[in-house]
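The values are calculated or read from the model by the stated rules, or taken from the named source; none is laboratory data. Bear in mind that the values here come from a model prediction, so they are computed numbers and not experimental data. Every residue, glycine as well, gets a Cβ built from its backbone with ideal geometry; the counts of neighbours run over all protein chains shown. What goes into the accessible areas is simple: the full protein's heavy atoms, side chains included, and nothing from ligands, DNA or RNA. Shrake-Rupley method; radii C 1.70, N 1.55, O 1.52, S 1.80 Å.
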Amino acid sequence: MRKLYIAGNWKMNTTTTEAEALVKELKVLVADMTEVDMAVAPPFVYLHKAVYLAKDSQIKVGAQNCYFESKGAFTGEIAPEMLKDVGCDFVILGHSERRHVLGETDEVINLKVKKALAAGLEVILCVGELLEEREAEQTEEVVKTQLLGGLKEISAENMAQITIAYEPVWAIGTGKTASPDQAQDVHAYIRKLLADNFSVDVANIVRIQYGGSVKPENAKELMGQPDIDGALVGGASLKADSFAAIAKAAV
Ligand code: PEP
């Protein structure tokens, strides 16, 4: 049985004061929700404080990106080892905004996945199709390329540190959610790809989150699907009460 996993991607939002308040409020609201894993991904500059504030709670703290080198002349980049050093548990990689706004390729994402795992971080690897790709019936092809590209040369053993987030790009921040059936179909396909390319055991343990306008109102039905093991939440994770309500609705 896979434990539900709800992660909040804060993107480029919050101030110091807001970030601190959000972690503190969330800590209280989810204190007795042991049946679900909770995580937040604040901007880099608030990670250290978030780790400190989330201490002694079940809330994991992670980053929204990292680089694929450990150190050196890479102005503006952050190494996975640095994330580990400040106490991060995980990093989100391959988010659609990194792919489509910042031009990241599957090759670059794969280098980052390997480096993050080597540094001891868990990884949430995001995959998902654009609206035009869905309309052209290319969803499976796009998801397969992104999934297998991002996981190239990753061992079955390392897959225990990986969560997949299926995030149809047309549903991110748009208020449009994939229907539970649409999402379940892609999640089942991803699980089949994991079974075919790793093992049935890997397919059974890896959690697959859904992301794309998840709210307290749609969380229950989405996470009631057999292959949806949680959510990667953007907008609704910026308010502690709505983020906690998503987790409550899911259990
Ligand atoms: C996301 O950023 O990963 C996301 C799913 O955003 P939203 O929930 O706002 O659609």
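Below is a table of values for the structure above.
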item	result
Heavy-atom accessible surface of the chain: percent carbon and sulfur, 1.4 Å	52
Hypothetical label at Glu18: residues of the range 222-251 whose amide nitrogen lies under 13 Å (7 Å Cα-Cβ projection)	235-240
GluC sites (Glu not before Pro) restricted to the range 123-170 and DSSP loop, no more than 10 other C-beta within 10 Å	Glu137, Glu153
Tensor-based shape of the range 1-46 (alpha-carbon gyration tensor, a/c under 1.5 rounded, otherwise prolate or oblate)	oblate
Computed magnitude of the charge dipole of the chain (debye, nearest 20; Cβ of K, R +1, Cβ of D, E -1)	660
The range 64-69 - phi-based ³J(HN,Hα) in whole Hz, Karplus 6.51/-1.76/1.60, Gly and Pro as x	9, 5, 7, 9, 10, 10
Prolate/oblate/rounded call for the chain, Cα gyration tensor, a/c under 1.5 rounded	rounded
Long-range amide H partners of Val233 with built H, under 5 Å	Ala7, Gly8, Asn9
Simple label model, 7 Å out from Cα along Cβ direction - Glu141 to Ser57, nm	4.5
Cut-off under 5 Å, modelled amide H: who pairs with Gly128 long-range	Glu167
Ellipticity estimate at 222 nm from DSSP helix runs (n ≥ 4, -39,500 (n - 2.57)) divided over the chain, nearest 500	-12000 deg cm²/dmol
Farthest positive-ward along the range 128-184 dipole, Cα basis, beta-carbon charges - from Thr163, Ala183, Gly149	Thr163
Sparse-neighbourhood loop sites, GluC sites (Glu not before Pro) in the range 1-73 - DSSP loop, at most 15 other Cβ within 10 angstrom	Glu35, Glu69
Dipole magnitude (debye, nearest 20) for the range 19-164, charges at Cβ of Lys, Arg, Asp, Glu	640
At R0 = 35 Å, FRET efficiency that the Cβ-Cβ distance of Phe44 and Lys248 yields, to 0.05	0.75
Surface per residue (accessible, 1.4 Å probe) for the range 111-193, Å²	43
Point-to-point label distance, Lys84-Ala195, nm (Cα→Cβ direction, 7 Å offset)	3.4
Pairwise label distance in nanometres, Ala160 with Asp185, each label 7 Å out on the Cα-Cβ vector	3.5
Net lengthening on full extension, Phe74/Met1 (0.36 nm per residue, minus Cα-Cα)	22.1 nm
